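Notes to accompany the following structure.
The values are calculated or read from the model by the stated rules, or taken from the named source; none is laboratory data. Just so it is clear, the structure is predicted and the values come from calculations on it, not from any experiment. Positions of Cβ are backbone-derived with ideal geometry, glycine not excepted, and every protein chain shown enters the neighbour counts. These area figures cover heavy atoms from the full protein model, side chains too; ligands, DNA and RNA do not enter into them. Shrake-Rupley method; radii C 1.70, N 1.55, O 1.52, S 1.80 Å.
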Amino acid sequence: MTSKRKWLSAPYTLWSLVFIIIPLCMIFYYGLTDKTGAFTLENITAIATAEHARALRLSILLSLISTLICFLLAYPLAMILANMKVSQHSFIILIFILPMWMNFLLRTLAWQTLLEKSGVINSILTFLHLPNINIINTPYAIILGMVYNFLPFMVLPLYNALSKIDENVVNAARDLGADNLHTFFRIILPLSVPGIISGISMVFVPALTTFVISSLLGGSKILLIGNVIDQEFTQASNWHLGSGLSIVLMLFIILNMIASAVFDKEGEGSML
Amino acid sequence: MRNAVKKLYIALIFLFLYAPIATLMVLSFNASKTRAKWGGFTFKWYAQLVHNDDILRALGNTLLIALLSSVIATVIGTIACIAMNNMKKRTRTIMMGITNIPMLNADIVTGISLMLLFISFGFRFGLGTILLSHITFNIPYVILSVMPRMKQLNPSIYEAALDLGATPVAAFFRVVFPDLMPGILSGFLMAFTMSLDDFIITHFTKGAGVDTLSTKIYTEVRKGIKPEMYALSTIIFAAVLALLLLVNAAPEKREKN
């Protein structure tokens, strides 16, 4: 019986070895060698060249800003939703996943129509005699695209963490004389930390590494580190340089993984 | 007053999330070919969609990959959950750590890592490589939805079934499986949705000449998106919405009866 059950783990173990572990090793192999196959650190130190460093700095800046905006928008929303005591937990999740059934690229492109000089939003603003906004093809439009695309990934872990908080704990704090502000900062916020950490990494990593949002909303002039890597692979065919730059990106991702492992041991802040 | 503020806040967030979707739906009825101006109401893009072989082929590929990858991922993921449930805590932690890699890793890194794997081992790029990649990033969604259900399971029930003479396979399908079903179903749906909406990983693992809807849209961006594409996505979205409303309405009816 036990031997049979051990055998059950074989398909997935094999699958993750071939399609998760080995591919990651391939990135390190390509990133640490040159075209002749000799060991080199050049592909990694290439991040320090002016063009690449600028792309990385801009990526970090934009993704930090969008993560912060997502957090500030999502936390109150998740609190309201968690307090609504909706009978169907899955219904809330559904509302946020539903937009994904409209293609991600089309949804992002729709923002062009909304944001353009004579677009929908500016027509409304003109009608209301308000000043127009001209953010299309600027970093601001990229931030908006990031917030739009990744907001659900912040809301869902926060909502999950907040709706798991025992109401009695909150009531106990109130009974003991804590006002709203104290209850929030001493009870609710600390108990939602797993959700916060999970939400931050679910937004920060895709925002840091995106190349689609920047090429759709930022015009073609703004290069993020994701665009640079994409170009190395699809246009320049310089897989070694592309892999080397990806290794640099992976440092940020690994830092993120460590943070979630430390703060969210039980997987309480998971998305589902 | 406070309730009104809360409702307004929720409404604004939903406006933000659904405004682009409404825009695309409006564009699908726009008679003018450019998305910049409104040229009157028309159904012609819906009519032309049926004759656009390129888009229909991409749709076929997208649905085929989404269905196959989510079914295969569901089977592998569910079996993996059963196996992991019986593992020592340490081995299980390692396995869950590996499961989290595709979830936490950036899509672009996952995409190029698979691309390098396929190149190095001489795979022929095409539907097959897209399928393998989609299964890979779908399995974690299944495991993460089934695992919590697995932990709630009472092992004595399974043993009781064995004591009563059921074979292990029968005991699994008659006793354990029904309890896991909600987790398996939501994992499957999540996997299907993720596969359908994926662009980045498909972008790196597809071959020349093979397109899914996402990669087709990406190549069309510079030339201008064909309005038929808006029509198609409106149909897909409306169909899913109708299906979900139907599914959500069904349990209530049952309770009333």
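Helix-only arithmetic for chain A: the sum of -39500 (n - 2.57) across DSSP H runs with n ≥ 4, divided by the residue total, places the mean residue ellipticity at 222 nm at -21500 deg cm²/dmol.
Which angle between 0 and 90 degrees, to the nearest 10, do you get for helix B:227-256 versus the longest principal axis of chain B when only C-alpha atoms count? Between the helix axis and the principal axis of chain B, the angle is about 40 degrees. Give the range of the longest stretch in chain A that excludes all trypsin sites (Lys or Arg not before Pro) found in loop regions by DSSP and having at most 13 other beta-carbon atoms within 10 Å. Longest site-free region, per DSSP loop and neighbour criteria: A:118-220. Couplings 3J(HN,Hα) for the stretch A:131-138, derived from phi with the Karplus relation 6.51 cos²θ - 1.76 cosθ + 1.60 (θ = phi - 60°), are x, 6, 10, 10, 10, 4, 6, 10 Hz, where x marks Gly and Pro. Is there a pair in B:K37/B:K216; B:K33/B:K206; B:K37/B:K226; B:K37/B:K223; A:K164/B:K88; A:K221/B:K206 whose C-alpha atoms are over 20 Å apart, and which pairs would that be? Violating the 20 Å Cα-Cα cut-off are B:K37/B:K216; B:K33/B:K206; A:K164/B:K88; A:K221/B:K206. Between the amide H of A:T33 and those of A:T40, distances stay under 5 Å, these residues lying 5 or more places away or on another chain, with hydrogens modeled in the peptide plane.
Full extension of the segment from A:L41 to A:T13, taken as 0.36 nm per residue of separation minus the current Cα-Cα distance, would add 6.9 nm. For the options A:I253, A:I225, A:I187, a Gaussian network treatment of chain A with springs between C-alpha atoms closer than 10 Å singles out A:I187 as fluctuating the most. For every other residue with a beta carbon closer than 15 angstrom to the beta carbon of A:N137, add +1 if it is Lys or Arg and -1 if Asp or Glu, then tell me the sum. So the environment of A:N137 carries a net charge of +2. Across peptide B:196-204, the mean count of Cβ atoms from other chains lying within 10 Å of each residue's own Cβ comes to 4. For chain A, hydrophobic long helices are taken as DSSP H runs at least 18 Å long by C-alpha position along their axis with mean Kyte-Doolittle hydropathy of 1.0 or more; these are A:50-83, A:139-163, A:193-209, A:239-263.
Of the whole protein surface, B:E228 contributes about 20 Å² of accessible area at a 1.4 Å probe radius. For the pair A:L189 and A:M84 in one chain, pulling the backbone fully straight at 0.36 nm per residue adds 36.0 nm over the alpha carbon distance. Summing both sides, the accessible surface hidden between B and A at a 1.4 Å probe radius is close to 7400 Å². With the simple model of a label 7 Å out from the Cα in the direction of the Cβ, A:V262 to B:A208 spans 4.8 nm. Summarised in one figure, the compactness ratio Rg/Rh of chain A, Cα atoms and Kirkwood Rh, is 1.04. In sequence order, the stretch B:206-222 has phi-based couplings of 8, x, 5, x, 9, 10, 9, 4, 4, 5, 5, 4, 4, 6, 7, 3, 6 Hz under the Karplus curve 6.51 cos²θ - 1.76 cosθ + 1.60, θ = phi - 60°, and Gly or Pro positions carry x. Here, the protein assembly as shown is characterised by an Rg to Rh ratio of 0.97, where Rg is the alpha-carbon radius of gyration and Rh the Kirkwood radius.
Between B:L164 and B:F123, the modelled labels are 4.5 nm apart [label points 7 Å from Cα along Cα→Cβ].
Rounded, prolate or oblate: which one fits the stretch A:122-260, using the alpha carbon gyration tensor with axes a ≥ b ≥ c (rounded when a/c is under 1.5, else prolate when a/b beats b/c, else oblate)? Verdict is oblate for the stretch A:122-260.
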